[in-house]
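All of the numbers you see were taken from the coordinates with simple rules; none came from a lab. All of these numbers come straight from a predicted model, not from anything done at the bench. Neighbour counts are summed over all protein chains in view; Cβ atoms, including those assigned to glycine, are modelled from backbone coordinates with ideal geometry.
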Amino acid sequence: MSGARAITYDPQWQQKYQGFIATAAEAAAQIKPGQRVFIGTGCAQPLELVRALAARAGELADIEILHLLTFGDAPYAYKELAAHFSVNSFFIAENVRDIIQKGLGDYTPIMLSDIPRLFSSGQLPLDAALIQVTPPDERGMCSLGISVDIVKSAAQNASLVIAQVNPQMPRTLGDSFLHVNDMDILVPVDAPLLEVKPTEINEVTRRIGENVASLVEDGATVELGIGKIPHAVLEFLKSKKDLGIHTEMFTDALLDMIASGAITGARKTLDRGKIVASFCLGTKKLYDFIDNNPLFSFRPTEYVNDPYLISQQHKMVAINVALEVDLTGQVCADSLGTKFFSGIGGQVDFNRGAARAPDGRPIIALPSTAKDGRISRIVAQLSPGAGVVTTRGDVHYVVTEYGVAYLHGKTVQERALALISIAHPDFREQLLREAIQAKYLRQEMADVTGKIRVGPQELRTSYVLDDGTQVMFRSIRPTDESRVKDLFYALSQETIYYRFMRNLKQIPHKQIHEFVYIDHRQDVAIVATLPAAHGEEIIAIGRYYLNPQANRAEVAFVVRDAWQNRGIGTALLRFLISTAKRSGIVGFTAEVLRTNKPMQTVFQRSGCKVESHLEGEVFSFKLDFV
């Protein structure tokens with residue numbers, strides 16, 4: 001939207017509702033000592049009303065200021081005013097964080113979807129609500145604009161509703177309206193709204209965004225929690241098709257996504273074709289775009305954050321952030337030790353809703369370190385006093401700049417290994433030792449100290465079989481230990497003999513460790529996988545071991561019997577050849593039993609210059625890359 005905004009309100013509203021109109025000071029004079037006062041959310045905080053209330057501090061005592069997330073000034077949140085105003089926040093923003101952490105304000109931890117019921121049930125009665133709205137239209141309807149969230153419920157349940165009426169507030173559509181008769185005092189204020197400028201995305205955040213975006217499929221409906229990371233994801237979603245948005249909030253970052261054409265909402269189960277949100281934080285560019293725009297449907301928190309409604313969205317993806325995650329999967333998102341930092345917000349609502357949605361994916365994302373790399377955010381135990389927002393039983397995906405860990409339904413050992421593998425490399429050995437000490441891992445895992453590495457992202461591709469089945473190729477991971485074991489025990493004795501050149505009835509833990517704990521440089525292993533109920537199933541492994549002196553690598557692979565003679569071995573070899581060539585390796589060597597005709601054929605058709613000679617029962621192959 002560009003140019004002058006169209007007037008969508010009644011130009012005669014001040015004359016029509018003269019009896020409702022007062023100045024900010026006159027309105028604030030209606031607040032009495034001992035009352036609980038709600039203040040509107042985010043960038044819709046009614047600053048003139050807040051300043052008028054704070055100016056009366058000397059006349060007031062024991063005023064409880066209740067709010068969600070607010071931006072801009074908080075003139076009531078000062079130590080010297082503690083006897084007059086006490087802060088009670090459902091989500092801690094920077095403007096009140098200091099006074100709460102000093103113990104002079106308070107924090108109410110609660111799921112966002114539960115807050116409206118506190119108001120409507122009378123459990124948390126509101127004496128007054130200070131809100132900001134558009135001027136009324138010809139029917140007397142005022143839009144709550146950029147913040148509907150819990151503001152609508154607060155206005156519907158407060159004894160006194162004072163509205164800052166601002167023609168610069170965009171008129172958002174949806175369930176976002178209050179009638180002028182539902183407000184008690186109207187205070188005309190023509191002033192720019194608070195703005196939140198787009199934040200700079202650094203390289204770590206960008207890599208996290210890319211990893212998260214890899215989990216978002218075409219046709220998914222996406223929720224973006226608050227913070228840099230969820231919005232870094234948007235940069236990597238522009239190539240997706242028919243995405244939908246159902247989120248508690250969004251920022252300017254969404255505008256580029258809309259312009260890219262990736263967002264259509266065409267496959268949403270609910271609110272098809274609509275971007276659904278409860279509030280937004282951004283700049284005037286965003287506010288002008290959403291003004292009277294039918295693409296957007298702003299709805300109250302009790303709708304947007306309802307886990308049942310969220311669960312009905314096909315392919316619902318919830319993207320939220322954490323401050324710490326322990327090795328069992330407990331997620332701390334609202335505190336730094338005993339210091340409350342933010343809030344529960346909608347993380348649990350969307351995590352649980354997405355978990356129950358058809359093909360849903362709840363994602364927790366965080367940088368692997370904090371304080372300029374000095375401390376790990378993935379920890380053996382949460383910091384003393386840290387609160388659990390998402391429990392170990394609710395967690396599904398955890399993402400850092402080093403990869404993705406899937407935890408749901410996994411054992412503690414599997415979780416610990418998965419999380420260590422996506423921790424910062426500087427902390428993996430320490431985390432491994434601490435996990436062994438805590439009995440999360442067996443003592444024998446000490447043998448893999450220094451070997452927990454994740455393969456590079458570029459070692460990933462796919463291969464389509466003649467019947468249309470898509471097989472994914474990727475680097476082997478430390479968390480593949482159980483899958484490698486499953487593959488081994490699914491092989492026939494003949495296949496085992498061909499691969500290992502001896503009969504094996506079991507595969508030792510040490511040998512499995514040698515398969516999965518590799519350096520991904522001199523020792524490269526690629527697995528072929530298919531989707532399965534538990535995540536994925538390995539149906540083949542290809543591997544090479546570099547001899548640095550000869551700059552030539554020994555290659556070997558095995559394919560599960562049911563998938564042999566389908567071209568998987570040939571495709572694996574070609575992928576390993578392209579990987580080795582990128583590393584400057586000149587060729588492969590291999591040893592194949594004389595009776596293993598299929599494997600000999602694979603090497604002969606490799607596209608390389610091939611030499612072979614027979615010694616006893618074993619063919620020695622030499623492949624020169626061309």
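Values for this structure:
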read-out: Cα pair distances of the stretch 7-69 binned at 5 Å [whole percent]; value: 4, 15, 21, 20, 18, 12, 7, 3, 0
read-out: Bins of 20 Å from zero: percent of alpha-carbon pairs in the chain; value: 18, 43, 25, 12, 2, 0
read-out: Counted charge near residue 138, where neighbours are those whose Cβ lies closer than 12 Å (Asp, Glu -1; Lys, Arg +1); value: 0
read-out: Distance from the stretch 532-585 to the stretch 472-522 (C-alpha centre basis), Å; value: 12
read-out: Net charge, residue 119 excluded, C-beta distance under 13 Å - Lys, Arg +1, Asp, Glu -1; value: -1
read-out: Residue order, fewest to most beta carbons within 10 Å, for 563, 13; value: 563, 13
read-out: Pair-distance profile P(r), taking every C-alpha pair of the stretch 134-203, with 5 angstrom steps and integer %; value: 3, 15, 24, 25, 14, 6, 5, 4, 2, 1, 0
read-out: Given 285/339; 451/485; 79/152; 102/285; 102/228; 228/274, the pairs whose alpha carbons are separated by over 28 Å; value: 285/339; 79/152; 102/285
read-out: Loop trypsin sites (Lys or Arg not before Pro), the stretch 214-299 (other Cβ atoms within 10 Å of the site Cβ: 15 or fewer; DSSP); value: 238, 241, 272
read-out: Pairwise FRET efficiency - residue 285 versus residue 514, Cβ, R0 = 51 Å, nearest 0.05; value: 0.35
read-out: Loop-located trypsin sites (Lys or Arg not before Pro) in the stretch 349-392 whose Cβ has at most 14 other Cβ within 10 Å (DSSP); value: 371, 374
read-out: From phi via Karplus (6.51, -1.76, 1.60), per-residue ³J(HN,Hα) for the stretch 441-454 in Hz, x at Gly/Pro; value: 10, 5, 4, 5, 5, 4, 5, 9, 3, x, 10, 7, 9, 10
read-out: Prolate/oblate/rounded call for the stretch 1-143, Cα gyration tensor, a/c under 1.5 rounded; value: prolate
read-out: Summed side-chain charge close to residue 362 - residues other than residue 362 whose Cβ falls under 9 Å, Lys, Arg +1, Asp, Glu -1; value: +1
read-out: GluC sites (Glu not before Pro) restricted to the stretch 195-264 and DSSP loop, no more than 16 other C-beta within 10 Å; value: 195, 200, 217
read-out: Ranking of 434, 138 by count of other Cβ atoms within 10 Å, fewest first; value: 138, 434
read-out: Options 583, 484, 506, ranked by Cα towards positive dipole end of the chain, top entry (Cβ charges); value: 506
read-out: Global geometry of the stretch 270-336, whether rounded, prolate or oblate, following the gyration tensor of its Cα atoms and the 1.5 cut on a/c; value: oblate
read-out: Separation between Cα centres of the stretch 170-229 and the stretch 391-423, rounded to whole Å; value: 28
read-out: Gyration tensor (alpha-carbon) shape descriptor, the stretch 203-448, a/c threshold 1.5; value: prolate
read-out: Average projection area in nm² (convex hull over Cα atoms of the stretch 461-624, one quarter of hull surface); value: 9.7
read-out: Rounded to the nearest 20 debye, dipole of the chain from Cβ charges on Lys, Arg, Asp, Glu; value: 1940
